[in-house]
Amino acid sequence: QVQLAESGGGLVQAGGSLALSCAASGSRFGINVMGWYRQAPGKQRELVALIFRSGNTNYADSVKGRFTISRDNAKNTVYLQMNNLKPEDTAVYYCATQSSTWSWGQGTQVTVSS
């Protein structure tokens, strides 16, 4: 079972920036996909961004051009740089990784005030 330790998040005004990071440990098979999902109150969890071991990325349309996902394979760590944040970005952000199975972090709150 992979353990995920998230950090970052918090409260920021609209137009501001925040950075999230997530360190994975305990993987026996290597980590193929790393990414971030989010869940706003009353809504379903949705994809924010994924990054594959190759470096290929996939973003939700709502964050393209504002968020950047990256990873350090040597550290098994994934990062999410969030710029030009909007109130609609307010949600709990979850780190997710896929090796033999999917693993999820505890979630970190991101709140964007207008």
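Of the solvent-accessible surface of the chain, computed with a 1.4 Å probe over protein heavy atoms with every protein chain present, carbon and sulfur atoms account for 46 percent. For Val48, the residues whose amide H sits under 5 Å from its own are Trp36, Tyr37, Arg38, ignoring neighbours fewer than 5 places away on the same chain, with H placed 1.01 Å from N. Excluding same-chain neighbours fewer than eight residues apart, the aspartates and glutamates reachable from Lys75 by a Cα-Cα span under 15 Å are Glu6. Across the stretch 42-114, the mean sequence separation of Cα contacts (distance under 8 Å, 6 or more residues apart), normalised by length, yields a relative contact order of 20 percent.
Compute the accessible area per residue over the chain, keeping the other protein chains in place, probe 1.4 Å, unit Å². Please report the intermediate quantities before stating the final value.
Working: 6000 Å² over 114 residues.
With the other protein chains kept in place, the chain gives 53 Å² per residue.
Each residue of the stretch 71-82 was assigned a 3J(HN,Hα) from its phi angle through the Karplus curve 6.51 cos²θ - 1.76 cosθ + 1.60 (θ = phi - 60°); the sequence is 8, 10, 5, 5, 9, 6, 10, 10, 10, 9, 8, 10 Hz, with glycine and proline shown as x. Tally Lys and Arg at +1 and Asp and Glu at -1 over the other residues with C-beta under 10 Å from the C-beta of Val78: what net charge comes out? In short, 0. Taking amide H as placed 1.01 Å from N in the peptide plane, Gly16 has its amide H under 5 Å from the amide H of Leu85, each at least 5 places away in sequence or on another chain. Annotation: Tyr59 carries an accessible surface of approximately 50 Å², with a 1.4 Å probe and no ligand, DNA or RNA atoms counted.
Rounded to the nearest 10 Å², what accessible area does Trp102 show when all protein chains are kept and the probe is 1.4 Å? Approximately 110 Å² of Trp102 is accessible to the 1.4 Å probe.
A Gaussian network model of the chain, with springs between Cα atoms under 10 Å, assigns the largest mean-square fluctuation among Ala60, Ala24, Ala96 to Ala60.
On full extension, the segment bounded by Asn56 and Ala14 gains 12.3 nm, given 0.36 nm per residue less the C-alpha separation.
Nearest 0.05, what FRET efficiency do Gln98 and Lys43 give at R0 = 25 Å with Cβ-Cβ as r? Each step should come with its number before you reach the end.
On the way: r = 23 Å, r/R0 = 0.92.
FRET efficiency, Gln98 to Lys43: 0.65.
Which of the three applies to the stretch 1-99, rounded, prolate or oblate, going by the alpha-carbon gyration tensor with a ≥ b ≥ c and a/c under 1.5 meaning rounded? The shape class here is prolate.
The values are calculated or read from the model by the stated rules, or taken from the named source; none is laboratory data. Source: prediction; values computed, not measured. All Cβ positions, even for glycine, are placed from backbone atoms using ideal geometry, and neighbour counts span all protein chains on display. The accessibility values were calculated without ligands, DNA or RNA, using every heavy atom of the protein model including side chains. Shrake-Rupley method; radii C 1.70, N 1.55, O 1.52, S 1.80 Å.
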